[in-house]
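Trainee: Sharing a structure here in C-alpha cells format.
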Amino acid sequence: MRRATADTAAISGRDAESRFVPNPAMVREIEHRTRLLLQRMQVRELLTMRQLIERYCEFTGATVLLQERLLPVDCFFAMTLKLSAPPDTYVIAYQKATPAWHQDHGIGHEFGHIIAGHYETGSVHRHSAMSPEREWEAEYTANLLARWAYQVGRVLDRQRALRPLQRTEDLSLPLQERMGWL
C-alpha cells in the first residue's frame, strides 16, 4: 500500500502529503528555458536583477515596473500585478524593510513568474491562487538567475586577477572595483 502511494506521487509530481515534488524533466525544461532566454538576450556580462529585468524589457517590449513598498510584515516579500493596459505591463512591488539581497531574490521570484508565462492575458492570478508547481517554478528560476550571476561574477573576478598590473596616477582606482583586495 505504501509503495503504491509513492508510485502514484512520483507520476503525479506530488508526494504522499500533497507537497509538490518536481520531476527531472521539469527541472531540465526550466533550466533550458532560462538559459535560452539569457542567450537570446545576449547577456554576456554580470547584471543585477534590476539590470536583467531592464534588458528583458528591451528584448521583449514588455514593461516591468519595480516599486519599493513598506509591505505588512505578514505579507509576501514581493508581489506582481499584471496590468490590463497597456499589454505586457507588470508591476513588481517588493518589501522595503528587508536587505537588498532579499529584495533581489523576491524580485527574481516574481520575474520568474513573468518569464514562465504565469500571468496569461485575461486571467487574474494572486499568490494565494498560484499552484505549488508554479510557485516552485518561479522560485527555481530565481535561484537559477542568482546562481548564474554568481558564476558570471566568479569568471569576471578570475579575468580581473589575470589582468597585468598597470601603473596609475589615481590610487583610488583599485578601490573602485569591488574594493580591490577585499
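Trainee: Taking amide hydrogens as modeled 1.01 Å from N in the peptide plane, which residues meet the under 5 Å criterion relative to Leu47, leaving out close sequence neighbours?
Mentor: none
Trainee: Okay, next question. Length gain on complete extension for the stretch Gln42 to Arg55, per 0.36 nm per residue less the alpha carbon to alpha carbon distance?
Mentor: Taking Gln42 through Arg55 to full extension adds about 3.7 nm, to one decimal.
Trainee: Let me ask something additional. Please give the solvent-accessible surface of Trp148 in Å², to the nearest 10, using a probe radius of 1.4 Å with every protein chain present.
Mentor: 40
The values are calculated or read from the model by the stated rules, or taken from the named source; none is laboratory data. Only a predicted model underlies this, so the values are computations on that prediction, with no experimental measurement involved. The area values use the complete protein model at the heavy-atom level, side chains included, leaving out ligands, DNA and RNA. Shrake-Rupley method; radii C 1.70, N 1.55, O 1.52, S 1.80 Å.
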